Each structure stands twice: as structure tokens, then as C-alpha cells.
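**Q** The structure under discussion is supplied below as C-alpha cells; questions concerning it will follow.
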Amino acid sequence: MVPHNRIIEISPNGYLTKDNRHRLERVLRLRVGDTFVITNGCGKEAVATLQKDGQYSVSDWVEPQREPKVEVTLFVALSKGDRLEWIIEKAVEMGVTKIVPLISERCIVKDPNKNKIERWQKIAESAMIQCGGCILPELSQPIELTKIPLPGQDVLPLFLYEENLNYSIDGLKSFSDKYTNVWLVSGPEGGFTSEEVEFFKNNNWKTIWLGKRLFRMDTAPIVALANILAPYWL
């Protein structure tokens, strides 16, 4: 069971950030001498003891082994409203390593402001804490689809597509087992253009077909991620 009094504290100096101090002392009502769980966002956590003036002491750091053995980078199209926020939250809960907002031809939103990106980062931090994760995923700046780097030989590059050309969802686990690094691209509500599909094919990306049901842009990547990562949660 993941404790509710869990925080991420990257600073190594033994002082809580303003937000964490407020959460522990004002929201959770912890007092000097009370304990809480702290993670460094890089794979480790520890039991910490609250001290005076926002200081804390830490016992031995441990690796709780709650992270997937496969590293998944999610390239996901920008969207209007809070759909992308929902995707970020659920993707982090499931254990993605990196999230890259993607600008494609049919994206309605093309240029999110700084406040929006900062909000996405806070959502990622909160989701990691909530689900017991110890690795804070990297949240990249948005990039244009054609600027996606070429995948290396150790990467399994996949993009969600409405036709069964390469792989279907029922075979996803069998071939993702062979890789420790998976890249997954999920498009906007209107899908990819034919030119964008050709871009992926020409760069050795493989299509993933989720079946006969047509999922919305905020459902499709979660379905795919669940099939890739669920075996590691056990």
C-alpha cells in the first residue's frame, strides 16, 4: 500500500520546499518527530523524519522495485481542453519514462504557453507520488512531428494507426518483451495525415492496430500503454 504522506523532494540539503512543507505541516498536520515517505524522483525512496523549521532527516535510501523494466517514451499529440492533462496523469501512473507533446498537422493547439507546460509538470509529479512511483518522467517541450529523432536499433518504435498493417493489440506483449526501450506515438482526434503516416513508415516505425473499435485520442494511448506495461505491475 502506498502511504498517503508521500512527497518528492529532489533537493539534497535536508530542507523541504515550500509546497512540501505546506502539504506535510498544514494539510496532513504532521509535527516534529513524525515520519513520512520521500522519493528523489530518480528511483529511490526513504522514510524521513520531520524536524524543526522545515528540515528533515532521512534513513537509508532503498529501491522499492515498483518501476517497469521497459522504458516507454510516449509521443502524444497536443489537444484542446484537458485531454492531454488526463493522458499525462494516466501515463505517469502506468510508468512511462518520458512524455513528448507532439505537434502534428491536425492538432488544433499548436503552441501551448509556459503556464500550461508548468501545469503538465505538476500533474506528472502528483501522479508519480500518488501511484507509488519513484522515477519522475521527463516532460519534454512540444516538438513538431517531423522533428522526432530516428529511433535507435535498441528501440521498438510504434505508432497507433486505424488499420492492421504490422501489429495488433493482442500481439503487443509478445514482441515488446524483446525490447527494453519502446517509443509510442499517438495522434490527434483527426488522426495522422497520409504524409505523416508515410513519414513514420519511411523511418521504420511499425503500426499498432487497437482493433475494430475506434478510440478517442485520449483513450487510445492509454489502451496501448496498458498492454505494454501491465505485465510489469505484478
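The values are calculated or read from the model by the stated rules, or taken from the named source; none is laboratory data. Small disclaimer: the values here were computed from a predicted structure and weren't measured. Cβ placement follows ideal geometry from the backbone for every residue including glycine, while neighbour counts extend to all protein chains displayed. Note: accessible area is taken over every heavy atom of the protein model, side chains too, but ligands, DNA and RNA are not part of it. Shrake-Rupley method; radii C 1.70, N 1.55, O 1.52, S 1.80 Å.
**Q** Reachable lysines from LYS201, Cα under 18 Å, same-chain residues fewer than 8 places away excluded?
**A** Here the lysines satisfying the reach criterion relative to LYS201 are LYS147.
**Q** With +1 on each Lys and Arg Cβ and -1 on each Asp and Glu Cβ, how big is the dipole of region 1-112 about its Cα centre, in debye rounded to the nearest 20?
**A** So the magnitude is around 260 debye.
**Q** Step through the table entries LYS110/LYS206; LYS116/LYS178; LYS44/LYS212; LYS52/LYS98; LYS69/LYS212; LYS80/LYS206, compare each Cα-Cα distance with 32 Å, and write down the pairs that go over it.
**A** Too far apart for the 32 Å limit: LYS116/LYS178; LYS44/LYS212; LYS52/LYS98.
**Q** Under unit Cβ charges (Lys, Arg +1; Asp, Glu -1), what dipole magnitude, rounded to 20 debye, does region 85-234 have relative to its Cα centre?
**A** 140
**Q** Local charge sum around LYS90 (other residues, Cβ-Cβ under 14 Å, Lys/Arg +1, Asp/Glu -1)?
**A** For residues surrounding LYS90, the net value is -3.
**Q** Among VAL182, ILE7, VAL109, whose Cα projects farthest towards the positive end of the dipole of the chain, with charges put on the beta-carbon of Lys, Arg (+1) and Asp, Glu (-1)?
**A** ILE7
**Q** Hey, could you pull the Cα Rg and Dmax for region 173-234, both in Å?
**A** Here Rg and the maximum Cα pair distance are 12.8, 40 Å.
**Q** For GLU9, what charge total do you get from the other residues with a beta carbon under 13 Å from its beta carbon, if Lys and Arg give +1 and Asp and Glu give -1? Could you put the intermediate results ahead of the total?
**A** Numbers: positive: ARG6, LYS18, ARG21, ARG23, LYS44; negative: ASP19, GLU45, GLU125.
Residues close to GLU9 contribute a combined charge of +2.
**Q** Summing Lys, Arg as +1 and Asp, Glu as -1, what charge do residues with Cβ under 10 Å from the Cβ of LYS44 carry, LYS44 excluded?
**A** Overall, the nearby charge balance is -3.
**Q** Continuing with this model, one more query. Please list, by residue number, every one of the trypsin sites (Lys or Arg not before Pro) in region 115-201 that is coil in DSSP and has at most 10 other beta-carbon atoms within 10 Å.
**A** Values: sites: LYS116, ARG119, LYS122, LYS147, LYS173, LYS178, LYS201; in loops: LYS178.
When the trypsin sites (Lys or Arg not before Pro) of region 115-201 are filtered for loop state and at most 10 Cβ neighbours within 10 Å, LYS178 remain.
**Q** Rank ARG213, ARG83, ARG31 by accessible area, highest first, at a 1.4 Å probe radius?
**A** ARG213, ARG31, ARG83
**Q** Along the charge dipole of region 23-126, pointing to its positive end and built from +1/-1 on Cβ of Lys, Arg, Asp and Glu, which listed residue (LEU24, ALA48, LEU84) has its Cα farthest out?
**A** It is LEU84, whose Cα lies furthest towards the positive end.
**Q** Among the aspartates and glutamates, which have Cα under 13 Å from the Cα of LYS90 when same-chain residues fewer than 8 positions away are ignored?
**A** Here the aspartates and glutamates satisfying the reach criterion relative to LYS90 are ASP82, GLU125, ASP218.
**Q** Report the Stokes-Einstein translational diffusion coefficient (µm² s⁻¹, integer) for the chain, Rh taken as the Kirkwood radius over Cα pairs, at 10 °C with viscosity 1.306 mPa s.
**A** In µm²/s, the coefficient is 83.
**Q** Could you point to the residue in ILE208, GLY95, GLN153 farthest towards the positive end of the chain's charge dipole, with +1 and -1 charges on the Cβ of Lys/Arg and Asp/Glu respectively?
**A** It is GLY95, whose Cα lies furthest towards the positive end.
**Q** Can you give me the solvent accessible area of TYR179 with a 1.4 Å probe, rounded to the nearest 10 Å²?
**A** Here the accessible area works out near 70 Å².
**Q** Here's a follow-up. Given 10 °C and 1.306 mPa s, compute D for region 1-87 with the Stokes-Einstein relation, Rh being the Kirkwood radius over Cα pairs; round to the nearest whole µm²/s.
**A** For the chosen part, D equals 106 µm²/s.
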